[in-house]
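One structure below.
Only the coordinates and a few stated rules stand behind these numbers; no lab work does. Predicted model, so just to flag it, every value in this text is computed and none were measured. Heads up, the Cβs are rebuilt from the backbone with ideal geometry, glycines too, and the neighbour counts pull from every protein chain shown.
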Amino acid sequence: MTSPQSQASDRATLLVAFMWGAYFLNYCDRQAVFAMFPVLKTDLAMSDQQLGLTGSIFLWVYGLGCPIAGQIADKYSKRILVVLSLVIWSVVTLATGWATSAMVLLLLRAAMGVSESLYMPAAIALTSNAHPPEKRSRAVSILTTAQIVGTIAGAWFGGWMANQGMWREAFLVLGGLGLLYAVPY
């Protein structure tokens, strides 16, 4: 028979594993676009300024959204916020595959900033709350490795797909993976 401490530890480990996968997708989705700039410049007739704005509009909205998202996470269910964020950013990622102009892409990047900003405060709080004080730092540090791995994987995947002439499909794949990942939760 397993002890309550062992069960809590197992749940905390599973929570970090789920959060890690979602955080990985979060960073894949946000980074893939940067490796696609040469193709986007041609396919969507984007100027260099619009390409630059593609990254900065996301970061501005994300940066402004995180403190608000933290307040929301303190007030409402963190678990629901994590899953809702995952679903919304996955839908935005899917929609990015159907972008028809620079303006549409920029609006979707802003929406991505809002939806992804909801994830991090709730995910870190859930992870911290699930672990005793002596294990919190390790749990959060494991969770945040998904940022690095997702950045690398997203940039590689986005570049590879763009090189194959399939930048739109890259967003459909990434968005679809996010929605599938959210289903069990």
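Name every residue in the stretch 144-162 that is among the hydrophobic types (A, V, I, L, M, F, W, C) and either more than 13 Å from the chain's Cα centre (by Cα) or surrounded by fewer than 20 Cβ atoms within 10 Å (Cβ to Cβ) (or both), in order of residue number. Correct list: Ile148, Val149, Ile152, Ala153, Ala155, Trp156, Phe157, Trp160, Met161, Ala162.
This table checks each residue for (1) under 28 Å from Pro184 (Cβ atoms); (2) in contact with a Phe, Trp or Tyr (Cβ under 9 Å, 6 or more places away or on another chain); (3) surrounded by 21 or more Cβ atoms within 10 Å (Cβ to Cβ).
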site: Ala45; (1), (2), (3): no, no, no
site: Ile57; (1), (2), (3): no, no, no
site: Ala73; (1), (2), (3): yes, no, yes
site: Lys78; (1), (2), (3): yes, no, no
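The one condition from (1) free of Cβ contacts under 8 Å to residues at least 60 places away in the same chain; (2) closer than 22 Å to Ser56 by Cβ; (3) under 13 Å from the mean Cα position of the chain (by Cα) that Leu108 does not meet is (3).
Exactly one residue among Phe18, Phe24 is touching a Phe, Trp or Tyr at 6+ places or on another chain (Cβ under 8 Å), aromatic (Phe, Trp, Tyr), crowded, with 16+ Cβ neighbours inside 10 Å and closer than 22 Å to Tyr181 by Cβ, and that residue is Phe18.
Residues that are outside any helix (DSSP H, G or I) and not aromatic (Phe, Trp, Tyr) occur in the stretch 111-125; there is at least one.
Matching residues to (1) of a type in the set (Val, Ile, Thr); (2) under 17 Å from the mean Cα position of the chain (by Cα); (3) closer than 24 Å to Ala155 by Cα:
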{"site": "Asn26", "(1), (2), (3)": "no, yes, yes"}
{"site": "Phe34", "(1), (2), (3)": "no, yes, yes"}
{"site": "Ser47", "(1), (2), (3)": "no, no, yes"}
{"site": "Ala69", "(1), (2), (3)": "no, yes, no"}
{"site": "Lys75", "(1), (2), (3)": "no, no, no"}
{"site": "Val92", "(1), (2), (3)": "yes, yes, yes"}
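Among the residues of the stretch 163-180, the one identified as farther than 23 Å from Leu84 by Cα and buried (at least 22 other Cβ atoms within 10 Å of the Cβ) is Trp167. Within the stretch 1-48, the set of residues being within 16 Å of Val83 (Cβ to Cβ) and not in a helix (DSSP H, G or I) is empty.
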